[in-house]
Amino acid sequence: MLLRHTTKEIKPRSALTINPAKTCQPIGAMYAALGIHGCLPHSHGSQGCCAYHRSALTRHYKEPVMAATSSFTEGSSVFGGQANMLQAINNIFTVYDPEVIAIHTTCLSETIGDDLSQMKKKAFDDGIIPEGKEIIFCNTPSYVGAHPNGFSNMVKGMVDGLCEPSDDKLRTVNIIPGWVEPSDMREIKRYCAEMGVEIIMFPDTSGILDTPQTGKRDFYPKGGCTVAELREAGSSQATIAMGPTCSGAAARSLDVKCKVTPEIIELPIGLSATDKFINTLRKVAGVAVPESVTDERGRLVDLITDMHQYFYGKRVALYGDPDQLVSLAQFIVDLDMIPAYIVTGTPGKKLLKRLKAVLGDKYNEDNIAIGQQADMFLMHQWIKNNPVDLMIGNTYGKYISRDENIPLLRHGFPIYDRIGHSYFPTVGYAGAIRLCEKMLDIFMSKQDNESPEEKFELVL
Amino acid sequence: MSEKKEIDPKAALDEILSKYPPKVARKRAKQMVINEVGENEQVPQITANVRTVPGIITMRGCCYAGCKGVVLGPTRDIINITHGPIGCAYYSWLTRRNQTKPKSEEDDQFMTYAFSTDMEDSEIIFGGEKKLAQAIQEAYDIFQPKAISVFSTCPVGLIGDDIHQVCKSMKEKLGINVFGFSCEGYKGVSQSAGHHIANNQLFKHVIGNNEDKPEGKYKFNLLGEYNIGGDAFVIEELLERCGITLISTFSGNSTITSMEMAHHADLNGVMCHRSINYVAEMIEQKYGVPWIKTNFIGPESTSKSLRKIAQFFGDQELIDKVEQVIAEEMDKLIPVRDAIRERCLGKTAMLFVGGSRAHHYQELFNSIGMNTLAAGYEFAHRDDYEGRKVLPSIKVDADSRNIEELEVEPDPVLYNPRKSPEEMEKLAAAGVPFKEYQGMMPDMKNETLVIDDANEWETEKLIEIYKPDIYCAGIKEKYGIQKHGIPCKQLHSYDYGGPYAGYEGAINFFKEIDRLVNANIWRHVKAPWMKDTSPTLEATYNA
């Protein structure tokens, strides 16, 4: 057994996390920053943080993930990281020439109390920021919150650092897509185009973390939200923020700073959440939903009615990040499946309220774990006590999956061991069809593999 | 290939350096040398193990990664608790591909688990010692392991948590081995500091703990082998066939129990010199077990290593058995190698990785006729480049001085020199030198480039100038390199392939390189309409 020491008996824990269902803030900030065109993310801390985050993101996207580090030594940890930061800024602009450097902190630089705004000012005063180039930053202490919060903080950093207020509002709508795949961001843009809505999307990692092989490397690939677009986002008429955990703070900040009305919705994963997205976009932009989108929706509903028997009553364990969990749980209920367990290491009790809102009478707090010690070890123990038919979550679930012979649908971050997420979205109606197809494949293959010979079916 | 030979390495280096601010250029120039092997394997001096340039996009990781990730990661029967915020435990959870094979279903195997104190702001403010002690208690209550170790992350050192005191009191309370590593990420300049800290603590808290003498005629430890992709399994099998008893490996496919018995071996073989030479030195000083450099990457090195071990024990039966195994293995290897050599001959490689792999893997490329144009380490020291002969002349800077050097005395009871000085001299003269590693550079051709701590910019320029047929690095570099239309072979994770050690591994590696440099897909990178320059409108429509 891969997890041979995991017992059915659940002993209380108050200090030890085992097999976490979260990681630390800075990696989220790094991913978000990659969604700006011509941006080099910078990690202000030990170089190991940057190496780990780059490695993790690279394993997930199978794409170059560029980021720099302040490379703290023991000396800088004692005397402060300003000297390293200024050297880094100078070296980055000289050697790598980005449009913008997006700096985030780490537990190290936060513990010693480095002040990024003061350092940015010093860099400006020292004349090491070339004309027309930008530095944005955010604080991402690893000992507060988790990776989705780091994403949120960097997106807010984009607003605080670049968005400009304007009295002349444009027709554009801002879309903050949240921590989703480049393929999802591309898909959200497709829906907006289909609806005839002009948008500014930030961050936008499509075209950056899914670049074509051409034999010639673009150090800064052509995708991403440009600095000019980010400035202009302050002139948009509204912001649709997808996923309150990852996108809410930026939308609110944009409202305060530039008076752009925020609409904070759940991630458009699954039927109901996509309905909410399309309907919100329709109202905010004052457009009609074209037949093509309604037809897409109809195809999803048709599939579900056709295949309902295979979904009905199946127990699902969900683990991962709050924004994904809420929408997936809602979709599970739409399919008449049972959200048996919901686990996230990302702290924040507000999630309970959100889950209650989408789960209705299927809401059961005993099966939800959030924050410290809400980890995959606990979820595994729950599963041992009362099994599920399916797990949905990141690659780390494969160990439980194999030991317990429970199929795993890979979704969220990180996915180290399969491709697909880079190319095929799970947002929107088409994304929901893909999720259904994957689930059905799993259930039907299991039936095909495990049914007795006399019960083996040709048609399903 | 002929055009590649015309590249002037000096001009290449100048072009790379010209982009840098003057201070950075001066620093980097000392870490980039053109190789020239003189008499007695004299090579130019290279600067290594110095601070990374901030902002340069380095390949390097941190002290914690070297300690927890590299050295302690592959040992299965110990619970490794990372004391700090969640990230460090998360990123070092199963990502290094250290395979392990417990002897039975009942044996301890904790490597699939990640353990962390998941520190929050309250612990950063008020201290994390209480939570750490509680976490150790909970790990014990749930798993009853025979040992628990603790790894400090950056904030732990800053807030002053005394992990060693916590470990000591928990050791007394629980009656099992509990010990800690002060391997905060900011220590030293790379993973290398973490290797040293790991070596020190293993020596202090583990090695020598078990007095039961293991059976075996030729007792051997393999140091600095981490069982990436199953390398250790191949080496274990080879040693077994020769009749050599492997007491312990540091630390591929290992147990703490086996490490506790390491001092009972009669010979240590050092594979990755950078990460484990300290343990080899200390075992010799305390117990009198000598060490030799061994290398099981590449058929020639594998044969040489086996022969050196046999010669050390000096038993004709062993010497004959080793020759027989080598002959059997080479019979299988030669036809594969020769067939692949025809397809790879004259192609070129670059290797920027680790603290020994950039050296060891060059032999595999040589075997199939491929030339190494440039190589360098991520976290090595001068001795790994130039050989241990330069050790006395290495200046210890402030960053290295902070890493403890243990003072080791011979054990009053257990110190037992396995060979007399005369015997060792004789063996050295016969080709079994002790405490010797000649480094990477003497094995490289003149005019090749040796670059320490290469970064993203330098990688880009090397590819642009030299256009190698294959580039070996790690996951962070891989896809950037491949976007240039050049395959990258990961030599940290082996791209989830392997094993590459021993003869069987060499065959795997030859096939892998053949696959990479001769893959059809590279011919399809350009769309036909981008290759074809003829006008778009070629024909007209005739009604």
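The values are calculated or read from the model by the stated rules, or taken from the named source; none is laboratory data. Since this is a predicted model, take the numbers as computed values, not measurements. Every residue, glycine as well, gets a Cβ built from its backbone with ideal geometry; the counts of neighbours run over all protein chains shown. Only protein heavy atoms, including side chains, enter the accessible area calculation; ligands, DNA and RNA are left aside. Shrake-Rupley method; radii C 1.70, N 1.55, O 1.52, S 1.80 Å.
Rolling a 1.4 Å probe over the protein heavy atoms gives the range A:15-137 an accessible area of 24 Å² per residue.
Remark: the range B:1-150 carries a charge dipole of roughly 640 debye about the Cα centre, counting +1 on each Lys and Arg Cβ and -1 on each Asp and Glu Cβ. Once both axes come from the Cα atoms, what is the angle between helix B:316-344 and the longest principal axis of chain B, in degrees from 0 to 90, rounded to 10? For helix B:316-344, the angle is close to 30 degrees.
Here B:Q144 and B:Q165 are evaluated by their C-beta separation; at R0 = 25 Å the FRET efficiency comes out at 0.60. Segment B:H524..B:K23, full-extension length gain: 176.1 nm, with 0.36 nm per residue of separation and the alpha-carbon distance subtracted.
If you roll a 1.4 Å probe over the heavy atoms of the protein chains, what accessible area per residue do you get for the range B:313-466, in Å²? Kindly include the intermediate steps, with their values, before the conclusion.
Numbers: 6880 Å² over 154 residues.
The answer is 45 Å² per residue.
What number do you get for the protein assembly as shown when its Cα radius of gyration is normalised by 2.2 N^0.38 Å, N = residues?
After normalising by residue count via 2.2 N^0.38 Å, the value is 0.96.
Most tightly packed first, judged by the mean number of other beta-carbon atoms within 10 Å of their residues, the peptides B:516-527, B:348-359, A:86-97, A:307-318 read B:348-359, A:86-97, A:307-318, B:516-527.
Projecting label points 7 angstrom from Cα along Cα→Cβ for A:N364 and A:T261 puts them 4.1 nm apart. So what's the gap between the Cα centers of the range A:319-394 and the range B:470-533, to the nearest angstrom? Taking the Cα centre of each part, the range A:319-394 and the range B:470-533 sit 41 Å apart. Average the reciprocal distances over every distinct pair of alpha-carbons in the range A:173-290, invert the result, and give the Kirkwood radius in Å. Hydrodynamic radius (Kirkwood, Cα only) of the range A:173-290 equals 14.6 Å. Taking the accessible area of chain B, probe 1.4 Å, and keeping the other protein chains in place, the carbon and sulfur fraction comes to 50%. For A:P407, neighbours were defined as the other residues whose beta-carbon sits under 15 Å from its Cβ, and their charges (Lys and Arg +1, Asp and Glu -1) total 0.
Toward the positive end of the charge dipole of the range A:25-157, with +1 on the Cβ of Lys and Arg and -1 on the Cβ of Asp and Glu, the farthest Cα among A:S109, A:A123, A:N149 is that of A:N149. Any idea what angle helix B:129-143 forms with the longest principal axis of chain B, computed on alpha-carbon atoms, 0 to 90 degrees, nearest 10? On a 0 to 90 degree scale, this one is about 90. In the context of the full set of protein chains, the range B:1-54 has a per residue accessible area of 59 Å² (1.4 Å probe).
For the range A:371-386, a drop of 10 Å² or more in accessible area on going from the chain alone to the assembled protein chains (1.4 Å probe) is found at A:Q372, A:F377. Put a dot 7 Å past the Cα of B:Y415, heading toward its Cβ, do the same for B:I394, and the two dots end up 2.4 nm apart. Each chain gives up part of its surface: B and A jointly bury about 7000 Å² of accessible area, both sides summed, for a 1.4 Å probe.
The magnitude of the dipole of chain B, with charges of +1 and -1 set on the Cβ of Lys/Arg and Asp/Glu and taken from the Cα centre, is near 1180 debye. When the other protein chains are added to the chain by itself, burial of at least 50 square angstrom of heavy-atom accessible area (probe 1.4 Å, ligands and nucleic acids ignored) affects these residues of the range A:97-127: A:T111. Relative to the longest principal axis of the Cα atoms of chain B, the long axis of helix B:357-367 lies at roughly 50 degrees.
Each Lys or Arg adds one and each Asp or Glu subtracts one; over the other residues with Cβ under 12 Å from the Cβ of A:I383, this totals 0. If r is the Cβ-Cβ distance from A:H308 to A:A193 and R0 is 41 Å, what FRET efficiency results, to the nearest 0.05? With a Förster radius of 41 Å, E is 0.80. Packing, as the average of other Cβ atoms within 10 Å across residues, places the peptides A:378-385, A:8-15, B:334-341, A:138-145 in the order A:138-145, A:378-385, B:334-341, A:8-15, highest first.
Extension gain, A:A228-A:D125: 0.36 nm per intervening residue step, less the Cα-Cα distance, totals 34.7 nm. Placing dummy labels 7 Å off each Cα toward the beta-carbon, the span from B:F126 to A:M1 is 3.7 nm.
When DSSP assigns beta bridges and you keep just the ones with both residues in the protein assembly as shown, what percent turn out antiparallel, to the nearest 5? Percentage antiparallel, nearest 5: 10. Surface composition of the range A:293-454: carbon plus sulfur atoms contribute 48% of the solvent-accessible area (1.4 Å probe, protein chains only, all chains present).
Each Lys or Arg adds one and each Asp or Glu subtracts one; over the other residues with Cβ under 9 Å from the Cβ of A:H147, this totals 0.
Remark: the range A:25-157 carries a charge dipole of roughly 360 debye about the Cα centre, counting +1 on each Lys and Arg Cβ and -1 on each Asp and Glu Cβ.
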